[in-house]
1. Quick one: is D:Gly249 assigned to a loop (DSSP other than H, G, I, E, B) and more than 10 Å from chain C (Cβ to nearest Cβ)?
2. Being in contact (Cβ under 8 Å) with a residue 40 or more places away in the chain and either more than 24 Å from A:Glu5 (Cβ to Cβ) or within 16 Å of ligand 2 (Cβ to nearest atom) (or both), is that true of even one residue in the stretch A:140-159?
3. B:Thr47 - would you say it is hydroxyl-bearing (Ser, Thr, Tyr) and surrounded by fewer than 22 Cβ atoms within 10 Å (Cβ to Cβ)?
4. So which of C:Ile283, C:Ile215 is over 20 Å from C:Ala135 (Cα atoms) and more than 9 Å from every other protein chain (Cβ to nearest Cβ)?
5. Within the stretch A:35-51, is even one residue under 24 Å from A:Gln104 (Cα atoms) and either of a type outside the set (Phe, Trp, Tyr) or touching a strand residue (DSSP E or B) at 6+ places or on another chain (Cβ under 6 Å) (or both)?
6. Kindly list, by first and then second residue, each pair from a residue in the stretch C:66-82 that is more than 7 Å from chain A (Cβ to nearest Cβ) to a residue that is at pLDDT below 95, limited to pairs with Cβ atoms under 8 Å and residues at least 6 apart or on different chains.
7. Being over 16 Å from the mean Cα position of the chain (by Cα) and within 16 Å of ligand 5 (Cβ to nearest atom) is the requirement here; does C:Thr32 meet it?
8. May I ask you to verify whether D:Ser201 is within 10 Å of chain B (Cβ to nearest Cβ) and away from ligand 1 (no atom under 16 Å from the Cβ)?
Amino acid sequence: MLTLETLQAFIQAYAARLAELCTVLDDLDNRIGDGDHGTNMARGFRTAADRITGETFADLGALCQAVAMALLASVGGASGPLYATAFMRFAQSWKDCTNVDFGQVATGVANACEGLRARGKAEVGEKTLLDVWTPASEALAAQPDEYGMRAAVARATKAALASRDIPATKGRAAYLGERSVGTCDPGSISSAVFFEELADATVGGVTKTSWQTSAW
Amino acid sequence: MLTLETLQAFIQAYAARLAELCTVLDDLDNRIGDGDHGTNMARGFRTAADRITGETFADLGALCQAVAMALLASVGGASGPLYATAFMRFAQSWKDCTNVDFGQVATGVANACEGLRARGKAEVGEKTLLDVWTPASEALAAQPDEYGMRAAVARATKAALASRDIPATKGRAAYLGERSVGTCDPGSISSAVFFEELADATVGGVTKTSWQTSAW
Amino acid sequence: MKKLMNQPDQYVDQMLEGIVAAHPELKRIAGTQVIVRAHPKAKVALVSGGGSGHEPAHAGYVGVGMLDAAVSGSVFTSPTPDQVLSAIRAVDQGQGVLLVIKNYTGDVMNFEMAADLASMEGIAIEKVIVADDVAVENSTYTVGQRGIAGTVFVHKIAGAAAEAGMDLATVKRIAEKVIANVHSMGMALSPCTVPASGKPSFVLGEDEVEIGIGIHGEPGTHRENLRLADEIVDTLLDRILAHSGVVDGDEVAVMLNGLGATPQSELYIAYRRVAERLRARNIAVHKALVGEYMTSLEMAGFSISLLKLDDELMSLLDAPADTPAYRQS
Amino acid sequence: MKKLMNQPDQYVDQMLEGIVAAHPELKRIAGTQVIVRAHPKAKVALVSGGGSGHEPAHAGYVGVGMLDAAVSGSVFTSPTPDQVLSAIRAVDQGQGVLLVIKNYTGDVMNFEMAADLASMEGIAIEKVIVADDVAVENSTYTVGQRGIAGTVFVHKIAGAAAEAGMDLATVKRIAEKVIANVHSMGMALSPCTVPASGKPSFVLGEDEVEIGIGIHGEPGTHRENLRLADEIVDTLLDRILAHSGVVDGDEVAVMLNGLGATPQSELYIAYRRVAERLRARNIAVHKALVGEYMTSLEMAGFSISLLKLDDELMSLLDAPADTPAYRQS
Ligand SMILES: Nc1ncnc2c1ncn2[C@@H]1O[C@H](COP(=O)(O)OP(=O)(O)O)[C@@H](O)[C@H]1O
Ligand SMILES: Nc1ncnc2c1ncn2[C@@H]1O[C@H](COP(=O)(O)OP(=O)(O)O)[C@@H](O)[C@H]1O
Ligand SMILES: [Mg+2]
Ligand SMILES: [Mg+2]
Ligand SMILES: [Mg+2]
Ligand SMILES: [Mg+2]
């Protein structure tokens, strides 16, 4: 179950985790992009976390909308509109709810996934964060409960690592063509972390990946 | 005795020696100036040597004037006008002579020295090539013969090395102030080499300094 | 890499303060990273921008005959939609606003979101996307070519059209004509370092260069050994000419753009070869721009942009401009 | 250091070819390293120059309202007297020629020899020697201060005087007034490498900078640790202010000059501090120039020049100029 409280805790935890992983994500982006994905994400979720700290929100919709606006105004780059879009879709999906069950979480994630596809005009397999959101969303839809949530994390992590082996055809890494093979997509890694933290906040006890070395 | 032939041979030998020492002189100038003294001198005397090759000159005056003009048009920097001035003074001193004795050589060098002082507005002790030309000229004036020529080389070499221990107050190295102490003046080194080659061409058997290491 | 800066997180803010301090004809919209003309004019407005680190692009092109506003993101990071929206609102004079966007996913998405918000407010808004970099193959399945230094020609020519009082549709048509006719490619001799990260964007050996680089420190399409300037120019120019459709007898404008650390002397050495090659092909250079127009921090390297001209583009290119980084009368 | 060049010994020649290819309003006197205006004007002529490697100085300042000829020596080496003489002969319109010389032994001697030869040919010739660098203490026993970026103000203001038809004595008087009122100082974050030698001019540690450097890659007056941009600016500006005699209420022009590899963003960050400091001292900035005006190949670093203005200097500074590197209307 996702409550106002767990969602707030998730944002705080994800922001903290991004701060830790900032250099790893920047380094990855440096190899196949412009080296700012960690900085962008850490800055954005720090802003979002600060924005919601000490505030009370009427419902999950209002909370997600506030996060979306904070991200939109602070991230920039490709990841800003994308993560902001995900939260806007959450806001639409969970409008007027103060808590939602895993079925509704699955719907929200599916809507977010759809929003990401529309915003970025990418398909699965192009070495973007869609490669992670899509299987995670599918796992959750197939089994909308605690186990599905854990399965989503497993699928997300696997997909993030698998992004290493394919060339990018969307995003900045696409300019590198075949040279982008051999490095994980930074947005896919930040997305896998997203699902790790979301699962940890909602079902708890998630074993978190240490991306430090495995990402390369 | 200085003949048309020995003077031509001197120019060729000095040009060859400067080509060898080009990097040493550039490196010295790099430490306390702008790193081009070797390049400037090598370029200038190469031009002068080429200019006089295969040409016949009526007298030493004409030969020295041709060298002066070649230097003036090819060196630039501080050393160009200075070395060109020296050769203009030689030209005046040895006008209409096809050969001169050591007394006249001494007069020519003294006039050149005077020309350098007027052109550069420097005094002895300011860490410029005047520090070398002055004692060399004095030695030759005191003993205008073969021995005086050798003495001039000894004084020149000693003065060039002694330039290491004083701060520059003229030329580009002066901007470094006390930081110029500890490096030999590149123009003093090229001048000491000048006297080595002049003596070798006129009296022969001069032991030439290997400046490679001692200059630092 | 040593940087002349204070706190890295104030890099862009302090740069913008410096720009408005130095150029009283520009002003900054308080609380934003938007630079606008101090003396706006009733006409179609042009807004451009992108990540910082490309100076003088884009704030240096705000002024008479070029842009009305430039939006600066963090270094190499697209500005956010709210910033772009502030710019649009500030410059709209009721005759509409044209967004000049460089083709990067981030720039396109952020500017498009701002455009959506602006249209919801009733502002007439159009956009063009510059994609002049021929290093990257274009295809409907990929992200398309990048927008690089050729963008400055769009600012200049569409800016002149707007300044002349043309309407939004016309200014957009002209901007698209420039985009269709400008082709660029760049190379790097050394990387650059984003102030916040402090690490070079890539590492090159003493003899290596990157060919086909963008303007954000990204590696290029491939790496090769350093060759003579003439040979490097030929590599870029051959590819540009092949993509450009420029033929013998055409008239062009050329930009030889320094990426940040390359001395002007070297840019002129490279331009000399471009001129020589074009002369041999009987292609007339109507205007040559040699200097730093769209940089990548302190990257050493350059790009060549070739713009095929017709009478309309030529007369707009020749129109006066008065901005900090581009002036002509 | 990788260079975008062909044969090192053709560096200057090919650069000059590139300059005239890019700027049809300039031409090169055949067989020399002299750049002159393609369309000369009957007036007092201004000739400047020096070693190459300082681009856009000096050829970039040839044009309406500034120089009539620029003479380029080898990189960092004063041009020879015969080259300077060619320039003088080419631009003299019978109203005399003013030589603007930067205070380096080599430049002074070579230009003076050329002046002597020119006067022997009956050309009315005058010279001024720019010595704006306050890093170096002046004294009658030493070589005096160096001429650095402040020289561009001499070109601009004396150039405007000549363009306005003033006579040689007046143009010289005005040039000397600029020289008396302009003070500069620079620093380097990294060295530069002369193409022919291929070696850096000095070696700095990862945290070290050189303070009080000239523009030929010479080391400065001392070395210190890298500090914040604001602190570095303060170090230079304090010394400049102390030497300049500028007092509260004065009006000045400021040049924040990049030495080659420093991004424009950083120059603006530095300028921001200059503006803040001058504002606090109630010194009004009439004009600010931020960019690369007098470089030292690809050296990273900058210099500040402060010119105290009076009405005469101000109106000449504001006069139009149309040269490749300095344009205003
Ligand atoms: N078209 C797209 N659709 C989905 N995701 C994308 C797209 N383009 C880029 N991304 C994601 O954005 C990430 C890069 O984000 P970031 O570095 O913050 O932005 P930028 O590329 O503008 O610097 C990539 O790793 C990729 O996962
Ligand atoms: N005023 C002067 N009088 C005499 N010699 C000088 C003077 N200034 C410089 N020199 C000599 O010139 C040398 C430097 O020559 P060079 O490097 O070729 O010229 P530049 O300093 O113009 O680069 C110095 O080492 C010094 O010996
Ligand atoms: Mg990125
Ligand atoms: Mg020297
Ligand atoms: Mg980015
Ligand atoms: Mg020199």
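The values are calculated or read from the model by the stated rules, or taken from the named source; none is laboratory data. The shown structure was predicted, so the numbers you read here are calculated from the model rather than taken from an experiment. No Cβ is skipped: glycine too gets one built from the backbone with ideal geometry, and neighbour counts run over all protein chains shown.
1. yes
2. yes
3. yes
4. One residue alone meets the criteria, C:Ile283.
5. Within the stretch A:35-51, one or more residues are under 24 Å from A:Gln104 (Cα atoms) and either of a type outside the set (Phe, Trp, Tyr) or touching a strand residue (DSSP E or B) at 6+ places or on another chain (Cβ under 6 Å) (or both).
6. C:Val75/A:Asp36; C:Val75/C:Val194; C:Val75/C:Pro195; C:Val75/C:Ala196
7. No: the conditions fail for C:Thr32.
8. In short, yes.
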